[in-house]
Amino acid sequence: MSKEPVAVVGIGQTRHAAARRDVSIAGLVREAARRALDDAELTWADIDAVVIGKAPDFFEGVMMPELYLADALGAVGKPMLRVHTAGSVGGSTALVAAQLVAARVHGTVLTVAFEKQSESNAMWGLSLPVPFQQPLLAGAGGFFAPHVRAYMRRTGAPDTIGSLVAYKDRRNALRNPFAHLHEHDLTLEKVRSSPMLWDPIRYSETCPSSDGACAMVLTGRTGAARAPRPPAWMLGGAMRSEPTLFAGKDFVSPRAGRDCAADVYRQAGITDPRRQIDAVEMYVPFSWYEPMWLENLGFAEEGEGWKLTEAGVTEIGGDLPVNPSGGVLSSNPIGASGMLRFAEAALQVRGQAGEHQIEGARTALGHAYGGGAQFFSMWLVGDRQPGT
């Protein structure tokens, strides 16, 4: 039996901020879910199942929050599933929900991802001692900075590239009313002169710590036919993982990322991603990961990703816009960051991205990674149902 085509008919996200003290965790997820339902013109009664995701529970200090979020998300008496794949969880959560629709297990699924980092401290939560391994510098940046330096040595990229990415994404965020960081007075020189945190990563080249949530309503052909607005159609989706550490692991361009992208492109019939994909929402928590992932995802040959960034190809006005929403560098509710990439890709092909809309976008890639660059999830969405 063929799979049911999957359509994104509702998208909602919260206002992202360093601390959303006006709402509880339940209020935060309900805000995003309510907006997604309103976008789809549906009610809680129209939802058959809920799939929820977030990053590690110690980021807020509330264990298994899904146990008390069923009521807030209209899931009492309905199936509710929790997904966890570290920082890529927002993307993985969306893909699990999509698979339930594709397999015709459920007709219409609400998927939600969130983080309320202000209620704990994710940076120090990510600095736990690991057995049989020397302590790293604090936070995720301490883990990833050596991989950035390895990329620079491998490719000869100049040390200015990270600042170009950060300046681009922070300017893009000014077009996005939901973004956490709106730095109106930011200049390229301010980025370049910001404090060095983890050499070569500077303060302004890192993601913020955000409270926020994202939600989507996914359905099949019947639900899409009733939708008030044209949906985004899932053309391909995949997840891949690999160990954190193993002999021969390529931290600069992990195999799991390459394999995940190849699977998505195969499903969608993409043979030249640089030319066939109109916009990319890429998981870039530290600015140097834009050129690194451009190569990992097949948009550039090895060693050439930084040249696309330097040439302005990834700007909103370039021929491969990357993170027109401002990306993870401008809003980072960790558990939701991957789903935000997926949702923003869907907004682009629906023509609903507002001031950061890419003109004529018909296909868009959503990408997420997590853990020690070991968990990957991606989907490609388009404005046409597959096969039409």
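Restricting segment 330-373 to residues that are open to solvent by 20 Å² or more (accessible area, probe 1.4 Å) and in a loop (DSSP other than H, G, I, E, B), the residue that is nearest to Cys260 (Cα to Cα) is Gly371. Every test in (1) modelled with pLDDT under 95; (2) in a loop (DSSP other than H, G, I, E, B) is passed by Asp159 save one, and that test is (1).
Residue-wise test of (1) assigned to a strand (DSSP E or B); (2) touching a residue at least 12 places away in the same chain (Cβ under 8 Å); (3) under 23 Å from Val381 (Cα atoms); (4) open to solvent by 40 Å² or more (accessible area, probe 1.4 Å).
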position	(1), (2), (3), (4)
Gly53	yes, yes, yes, no
Val62	no, yes, no, yes
Leu81	yes, yes, no, yes
Gly91	no, yes, yes, no
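Scanning segment 252-259 turns up no residue that is crowded, with 24+ Cβ neighbours inside 10 Å and closer than 14 Å to Ala102 by Cβ. Tell me which residues, restricted to segment 204-233, are over 21 Å from the mean Cα position of the chain (by Cα) and either closer than 20 Å to Ser330 by Cβ or outside any helix (DSSP H, G or I) (or both). Hits for segment 204-233 are Gly220, Ala227, Pro228, Arg229, Pro230. Condition test on Phe342, is it under 16 Å from Met216 (Cβ atoms), touching a helix residue (DSSP H, G or I) at 6+ places or on another chain (Cβ under 9 Å) and not acidic (Asp, Glu)? Judged against the criteria, Phe342 is a match.
Among the residues making up segment 274-315, those that are part of a loop (DSSP other than H, G, I, E, B), more than 18 Å from the chain's Cα centre (by Cα) and of a type in the set (A, V, I, L, M) are Ala300, Ala311, Val313.
Here Trp44 clears all of (1) at pLDDT 95 or above; (2) open to solvent by less than 20 Å² (accessible area, probe 1.4 Å) except the condition numbered (2).
Here His184, His180 are screened, and the one residue that is farther than 30 Å from Ser2 by Cα, open to solvent by 70 Å² or more (accessible area, probe 1.4 Å) and either at pLDDT 95 or above or not in a helix (DSSP H, G or I) (or both) is His184.
Selection of segment 93-110 for residues being more than 24 Å from Asp263 (Cβ to Cβ) and open to solvent by 10 Å² or more (accessible area, probe 1.4 Å) yields Gly107, Thr108. The number of residues in segment 67-79 that are surrounded by fewer than 22 Cβ atoms within 10 Å (Cβ to Cβ) and outside any loop (DSSP other than H, G, I, E, B) comes to 2. Considering the conditions (1) open to solvent by less than 20 Å² (accessible area, probe 1.4 Å); (2) farther than 22 Å from Gly370 by Cβ; (3) of a type outside the set (D, E, K, R), Ala311 is excluded by exactly one of them, (1). Condition first: open to solvent by 20 Å² or more (accessible area, probe 1.4 Å), among the charged types (D, E, K, R) and either touching a residue at least 60 places away in the same chain (Cβ under 8 Å) or outside any helix (DSSP H, G or I) (or both). Now tell me which residues in segment 11-33 satisfy that. If the condition is that a residue be open to solvent by 20 Å² or more (accessible area, probe 1.4 Å), among the charged types (D, E, K, R) and either touching a residue at least 60 places away in the same chain (Cβ under 8 Å) or outside any helix (DSSP H, G or I) (or both), then Arg15, Arg21, Asp22, Glu31 are the ones that fit.
Pairs are defined by a Cβ separation below 8 Å, a sequence spacing of at least 6 or placement on different chains, a first member in segment 227-251 that is closer than 25 Å to Trp288 by Cβ and free of Cβ contacts under 8 Å to residues at least 24 places away in the same chain, and a second member that is part of a loop (DSSP other than H, G, I, E, B) and open to solvent by less than 80 Å² (accessible area, probe 1.4 Å); the pairs so defined are Lys249/Glu242; Lys249/Pro243. Note on segment 241-285: among residues that are at pLDDT 95 or above and among the polar types (S, T, N, Q), the one that is farthest from Ile316 (Cα to Cα) is Ser241.
On inspection, Val148 fails the criterion of being over 20 Å from Ile25 (Cβ atoms), part of a strand (DSSP E or B) and either at pLDDT 95 or above or open to solvent by 10 Å² or more (accessible area, probe 1.4 Å) (or both).
For segment 187-202, check the following and say yes or no: at least one residue is open to solvent by less than 70 Å² (accessible area, probe 1.4 Å), within 15 Å of Val328 (Cα to Cα) and either among the basic types (Lys, Arg) or part of a loop (DSSP other than H, G, I, E, B) (or both). Looking for residues that are open to solvent by less than 70 Å² (accessible area, probe 1.4 Å), within 15 Å of Val328 (Cα to Cα) and either among the basic types (Lys, Arg) or part of a loop (DSSP other than H, G, I, E, B) (or both), one finds none in segment 187-202, hence no.
Being in a helix (DSSP H, G or I) and out of contact with any helix residue (DSSP H, G or I) (no Cβ under 7 Å at 6 or more places or on another chain): is that true of Arg258 here? No: the conditions fail for Arg258.
The values are calculated or read from the model by the stated rules, or taken from the named source; none is laboratory data. Predicted model, so just to flag it, every value in this text is computed and none were measured. Please note: Cβ atoms are built from the backbone with ideal geometry, for glycine as well, and neighbour counts cover all protein chains shown. Surface areas here come from the heavy atoms of the whole protein model, side chains and all, with no ligands, DNA or RNA. Shrake-Rupley method; radii C 1.70, N 1.55, O 1.52, S 1.80 Å.
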